[in-house]
Amino acid sequence: MDGVKTVKRRKLTDKSMPNALAQLPEFAQESKMYQSLLEMEKKLDWTVTRKRVEVQDALARNPTTTRTLRVFVSHTVSGQPWQVGEADGEGDAVNLETGQGIPAWSLKVEGRLLELPNQRSRDKVAPRKFSTFIKRMIVEFDRDPHLYPDGNIVEWPRPQGVQPPLDGFTIRRTGDQPTRVRLLMHLEQTPEQYKVSPDLAYVLGIKEESRIGVIQTLWNYIKLNGLQDKVDRRRIRADDHLRPIFGGDSIVFQQLPELVNRHLMPPDPIILYYSFNPGVPSPDRPSAWDIDVKMEDTAVKNRMAVIVQSSKESTQDLGKLDDEISLLAQSLHNAHTKRVFLQSFADDPAKFIQTWLESQSRDLESILGSGPSEGATIRAEELRRSDFFRLPWVEEAVAIQEGIRLAAKP
């Protein structure tokens, strides 16, 4: 046996005040203040909704910022003559299995993201590891290939799959000769950056930018120079600078992304030079370079996410207050209806009773489907009055009936 289905109560949403009540002199000031509050609430709700949509759109595009990545390069040495005392004939025997006594050095490449000045403590997040900023790194050693035939080029591509991030890289090699090092780093940036071709870079004045940034800059150039066709707004006219890039006098607006893609190339790597001499002690401080990287602005994204995801408790509280206001407005409507009912009875009891009985009779006819009007809720004496056929709904009813009659003809 099915359980008793609970009837869902309709939620009240009307907060308006009865017009007749608002026009009463004793409630004029209060009614005006209440209507002003309702209008202010509508404007505030509209503004909050619009701002929330704008924030959601910004979150979908991932807000970015430019941060400073500081790269440190240093080296350490071991087994060098000045360390083991071989110059005085007191050096230890060389062990080829353990590497003890063999001159060697280690090159260390590290990096960290500099913190923002005046950053709030609650906005701080765990810093990213250095390897997450590197898409590919190549280390080249300038050494005599006859003495060191192997291992003069080291390449680190980002491994596929899930790999633990690293704070730095260490490369160990044997040798005691001065060495020059060249580091080539391909950065991982958000959004991905591209090198702009020389022709387009000369027109737009940018050498490296994201794909969306290049398209936006090109569109700004088109609007600034009035190159959009006056009649067909979808067509872009070329000036003297854009004609070699367009390959003609005009293109369609939808072709701009494809055109930009043909002028984008992989960005040049960051190149760092470092040299050291294992024959002397290592410096106390490493060499450092500051590199600008574009990355996702986590702090702004978190703050915007908080705005979009409003507190559940506050939303429930606002809902309860709206329900209470709607309930009070409905109670006001009911009280006004009751007041009009009782006032009509007090003004003319006999006419009120007659009108009330006619109303009850029409309702009874409608329920039973019988009576003077045969259930049409129209009394016979009303049908005999010419004023009845001048009511606003009569013309529409006649038109509908005539349409049904004409549709029924073969």
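The values are calculated or read from the model by the stated rules, or taken from the named source; none is laboratory data. Quick caveat, the model's predicted, so the values are computed rather than measured. Ideal geometry is used to build each Cβ from the backbone, glycine not excepted, and the neighbour counts take in all protein chains shown.
I'd like to know if segment 331-344 contains one or more residues that are within 28 Å of residue 19 (Cα to Cα), surrounded by 13 or more Cβ atoms within 10 Å (Cβ to Cβ) and in contact with a Phe, Trp or Tyr (Cβ under 8 Å, 6 or more places away or on another chain).
Within segment 331-344, one or more residues are within 28 Å of residue 19 (Cα to Cα), surrounded by 13 or more Cβ atoms within 10 Å (Cβ to Cβ) and in contact with a Phe, Trp or Tyr (Cβ under 8 Å, 6 or more places away or on another chain).
Among the residues in segment 13-28, are any touching a residue at least 24 places away in the same chain (Cβ under 8 Å) and basic (Lys, Arg)? Quick ask: steps written out before the conclusion?
Looking only at segment 13-28, we keep the residues that are touching a residue at least 24 places away in the same chain (Cβ under 8 Å), and these are 13-18, 20-21.
Retained after the next criterion (residues that are basic (Lys, Arg)): 15.
Yes: segment 13-28 contains one or more residues that are touching a residue at least 24 places away in the same chain (Cβ under 8 Å) and basic (Lys, Arg).
Among the candidates 71, 94, 84, single out the residue that is in the same structural domain as residue 167 (by TED's automatic domain parsing) and at pLDDT 85 or above. Can you show your working first?
Details: 94 fails: at pLDDT 85 or above; 84 fails: at pLDDT 85 or above.
From the options 71, 94, 84, the qualifying one is 71.
With respect to the numbered conditions (1) within 30 Å of residue 257 (Cβ to Cβ); (2) out of contact with any Ser or Thr (no Cβ under 8 Å at 6 or more places or on another chain), which one is the sole condition not fulfilled by residue 155?
(1)
Would you call residue 298 of a type outside the set (Phe, Trp, Tyr) and either more than 30 Å from residue 56 (Cβ to Cβ) or in the same structural domain as residue 138 (by TED's automatic domain parsing) (or both)?
On the way: of a type outside the set (Phe, Trp, Tyr): yes; either more than 30 Å from residue 56 (Cβ to Cβ) or in the same structural domain as residue 138 (by TED's automatic domain parsing) (or both): yes.
When the stated conditions are applied, residue 298 passes them.
Taking the conditions exactly as written (assigned by TED's automatic domain parsing to the domain that holds residue 184 and among the charged types (D, E, K, R)), does residue 339 satisfy them or not?
Numbers: assigned by TED's automatic domain parsing to the domain that holds residue 184: no; among the charged types (D, E, K, R): yes.
Answer is no for this residue.
Restricting attention to segment 309-329, does a residue exist that is assigned by TED's automatic domain parsing to the domain that holds residue 103, among the aliphatic types (A, V, I, L, M) and not in a strand (DSSP E or B)?
Within segment 309-329, none of the residues are assigned by TED's automatic domain parsing to the domain that holds residue 103, among the aliphatic types (A, V, I, L, M) and not in a strand (DSSP E or B).
Write out, first by first residue and then by second, each pair whose Cβ atoms fall under 7 Å of each other, whose residues are 6+ apart or on separate chains, and whose first residue, in segment 223-237, is in the same structural domain as residue 203 (by TED's automatic domain parsing) while the second is in a helix (DSSP H, G or I).
Within 7 Å, the pairs are 228/222; 234/253; 236/222; 236/253.
If you check residue 249 against the conditions, is it outside the structural domain of residue 206 (by TED's automatic domain parsing) and either surrounded by 13 or more Cβ atoms within 10 Å (Cβ to Cβ) or acidic (Asp, Glu) (or both)?
no
Which residues, taken from segment 198-244, are among the small types (Gly, Ala, Ser), surrounded by 15 or more Cβ atoms within 10 Å (Cβ to Cβ) and not in a helix (DSSP H, G or I)? Talk me through it step by step, then tell me what you get.
Start the filter on segment 198-244 by keeping residues that are among the small types (Gly, Ala, Ser), which leaves 201, 205, 210, 213, 226, 238.
Keeping just the survivors that are surrounded by 15 or more Cβ atoms within 10 Å (Cβ to Cβ) gives 201, 210, 213, 238.
Hits for segment 198-244 are 210, 238.
When you scan segment 29-36, do you find a residue that is among the hydrophobic types (A, V, I, L, M, F, W, C), over 28 Å from residue 297 (Cβ atoms) and out of contact with any strand residue (DSSP E or B) (no Cβ under 9 Å at 6 or more places or on another chain), even just one? Step through it out loud before you land on a result.
Of the residues in segment 29-36, the ones among the hydrophobic types (A, V, I, L, M, F, W, C) are 33.
Then drop every residue that is not over 28 Å from residue 297 (Cβ atoms), which leaves 33.
Checking which are out of contact with any strand residue (DSSP E or B) (no Cβ under 9 Å at 6 or more places or on another chain) leaves us with 33.
Yes, segment 29-36 contains a residue that is among the hydrophobic types (A, V, I, L, M, F, W, C), over 28 Å from residue 297 (Cβ atoms) and out of contact with any strand residue (DSSP E or B) (no Cβ under 9 Å at 6 or more places or on another chain).
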